[in-house]
Amino acid sequence: MRLLSQQKALLYPDYTDITMPCNIAPLNFYVLPPYKNYSIKVFGKKGDTLQMKGRNFVKFNPQKWHQLLQENRNGRLWVEMNLNSTGTETEKLSFYWDVRDSIDPYFACRLIEPSYQMSNLLQTIEYNLQEASQRILFDNRLQTYGCVNCHTFAQTDCSHLVYHVRFNRTGTFIVRNDTILRVDLKSSRFPQGGVYPTWHPNKKLIAFGTSSAYPFVHSKDIVRRTEVFDSLGDIIVYDIDRNVILTDSRISSDSVEETFPYWSWDGKYLYFCQSPNPPRDSLEDDVDYSKKIKYNLVRIAFDDKTNTFGQIDTIVDFRITGQTASFPRLTPDGRFLVFCLSDHGTFPIRHPESDLYLIDMTGSLPKDSNWIPASKDFWMKKMEQVNSPFTESYHTFSSNGKWLMFSSKREDNLYSRPYFTYVDSNGISSKPFLLPQRDPAFYLTFLKSYNVPEFAQTPAAISAAKAKEMSLMPTIEVDSVLIDGQRITVYPLTTVSSLPQL
């Protein structure tokens, strides 16, 4: 019998030498050929040893699994396996599982084909991370195949939810406990309406980007396949109780593009991405133009007592990084900021070079060669343990700030799937692991991408049937728009001809 090296581990998904939450569902996996038969032991310093033998599929008893994890919380589990196939010698594989803090028990995401279609068969699902089960929150087959997107909870509180429906039975749907609103955010001042929502912690305000999205298909670049960039981008804040849109002339001007807003967990700052409008040659095509688009990551101070904006700070400067920033996300304590860096454009999802970077917002961590300037005031480092040769994109922190969930195409550069990594107090992340499923071979045949994963602490307040009922509600039109505190004359646009929005 000889030891099988970690580089030759023939398990799928690769769950060797990882850090996992104490409440995660069983990490079932598949023994890849040529090995078929196995015996396995999982044990820690406390509790019973999990032992079993089988063929091809390793599936743990959920009750015994959760008991062992709870007994060894903040400890280590050891896994010992014997693998063999007919006519081959037995291979021995050993690895460990570190058990750490709990993770939010749910997340919601959109399931979508990685194709060029704007919307086809779409579902928004809620996944139970403790049981590896799911239920459908929205199914567009029940709503004449409209496009649903931008589902967002209020800091993982899914009693407050917002999402958009486009093309059919359209509207921005806002759920606040038992109160449900269907709002049309389009007006003569902001005819594109709202996208990319983020809840203020007071749960009275929702910030949106507002833009026209321009998608196109590459004729030669088969690696990126498609590109999308935003135009006419601004940041607006919807006051739900007053039915009013608030904004500031510094974040809603014609000369600068803004997108991807995100409130800090204390509500004192609104983070977003901002790009000067690059000059456009009348002869250049969209591909060449999109390569000029590069966003800074900035924040603007906000006072929710007066609903006024303050100073703007540049966190990531494209003139220093040479790349474009997107999707700012913070830990609840405001300590760490994680964002995407890619070569150009607005959407990193089609960019294999897109990687995740981390900033220590307190500046307290000692700087070594891994830290590089992000702007004149902030330093960043690439999350080497997390990134892969392919796309890392949409990401979000758990409510305790310990777990980062992110989308990755590391397996085939086609399908986005959720991965999880533990981020310690020094900003060091663990080896990521793939979302566990009851069926160990699930991902070998599943042909959907997991889009925009969002953590939740409790089950969502809607279901597919409820969403269908909501789509028939009357629509509320925005009363007015305030820019720099001054009311401007607008009129609602009940019907707007515009390009489809992603």
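FYI, it's all coordinate maths here, none of it is from the lab. A quick note: this is a predicted structure, and the numbers were derived from the prediction, not measured. Every residue, glycine as well, gets a Cβ built from its backbone with ideal geometry; the counts of neighbours run over all protein chains shown.
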Under the Kirkwood approximation applied to all pairs of distinct alpha-carbon atoms, what is the hydrodynamic radius of region 2-100 in Å? 13.7 Å
Measuring from a point 7 Å past the Cα of ILE476 along Cα-to-C-beta, which residues in region 162-183 have an amide N at less than 13 Å? 172-183
With +1 on the Cβ of every Lys and Arg and -1 on the Cβ of every Asp and Glu, the dipole magnitude of region 2-100 about its Cα centre, in debye rounded to the nearest 20, is 160 debye
Here are a few candidate values for Cα extents along the principal axes in Å: [x] 97, 69, 47; [y] 76, 44, 38; [z] 79, 53, 48. Which one was actually calculated from the structure I just gave you? [z]
Kindly express, to the nearest 10 degrees and within the range 0 to 90, the angle between helix 62-71's C-alpha long axis and the longest C-alpha principal axis of the chain. 90 degrees
Here the relative contact order (percent) of the chain, from C-alpha pairs under 8 Å and at least 6 apart, is 17 percent
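Taking 22 Å as R0, compute the FRET efficiency from the Cβ-Cβ separation of ASP343 and LEU447 and round it to 0.05.
Working: r = 28 Å, r/R0 = 1.27.
The formula returns an efficiency of 0.20 here.
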Within region 269-301: backbone nitrogen closer than 13 Å to the ARG242 label point (7 Å, Cα to C-beta): none
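Taking Cα pairs under 8 Å and at least six residues apart, what relative contact order does region 148-293 come out at, in percent?
Details: 283 pairs, mean separation 22.7, N = 146.
It rounds to 16 percent for region 148-293.
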Extended-chain gain in nm, criterion 0.36 nm per residue less alpha-carbon gap, LYS468 and GLN63: 142.2 nm
Its Cα gyration tensor gives region 430-479 an equivalent ellipsoid whose semi-axes in whole Å, largest first, are 34, 16, 12
For the chain, give the magnitude of the charge dipole about the Cα centre (Cβ charges: +1 Lys/Arg, -1 Asp/Glu; no others), in debye to the nearest 20. 1400 debye
Obtain the nm distance between the two label points defined at SER231 and LYS36 by a simple spin-label model: each point lies 7 Å from its Cα along the Cα-to-C-beta direction. 5.9 nm
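Taking 0.36 nm per residue of separation and subtracting the Cα-Cα distance, what length does fully extending ARG135 through GLN70 add? Write out the running numbers ahead of the final one.
On the way: separation 65, 0.36 × 65 = 23.40 nm, distance 2.59 nm.
Full extension of this stretch gives 20.8 nm more.
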Report the one residue of TYR163, GLN134, GLN123 whose Cα lies farthest in the direction of the positive end of the charge dipole of the chain (charges on C-beta: Lys and Arg +1, Asp and Glu -1; origin at the Cα centre). GLN134
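Say R0 is 25 Å: what FRET efficiency, to the nearest 0.05, do SER425 and ASP368 get from their beta-carbon distance? Please list the in-between numbers first.
Numbers: r = 17 Å, r/R0 = 0.66.
Once the sixth-power term is evaluated, E becomes 0.90.
Let's test the formula: R0 of 22 Å, r as the Cβ-Cβ distance of ILE312 and SER212. What FRET efficiency results, to the nearest 0.05? Intermediate values should be presented prior to the final figure.
Numbers: r = 24 Å, r/R0 = 1.09.
In this case the efficiency is close to 0.35.
Tell me the relative contact order for region 2-100 as a rounded percent, counting alpha carbon contacts under 8 Å between residues six or more apart.
Details: 210 pairs, mean separation 35.1, N = 99.
Taking the mean separation of contacting Cα pairs over the length of region 2-100, I get 35 percent.
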The set of residues whose placed amide H lies less than 5 Å from the amide H of SER102, leaving out same-chain residues fewer than 5 positions away, is CYS22
List, in order, the whole-Hz ³J(HN,Hα) value for each residue of region 371-386 obtained from phi through the Karplus relation with A = 6.51, B = -1.76, C = 1.60 and θ = phi - 60°; use x for Gly and Pro. 8, 10, x, 9, 7, 5, 10, 10, 10, 9, 9, 6, 7, 4, 5, 8
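Using the per-residue mean of other Cβ atoms lying within 10 Å as a proxy for protection, in what order, highest first, do the peptides 366-375, 423-432, 336-345, 260-269 fall? Please report the intermediate quantities before stating the final value.
On the way: 366-375: 12.9, 423-432: 16.8, 336-345: 23.3, 260-269: 20.6.
Peptide ranking by packing, descending: 336-345, 260-269, 423-432, 366-375.
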LYS376-ASP48 pseudo-label distance in nm [points 7 Å out on the Cα-to-Cβ vector]: 6.5 nm
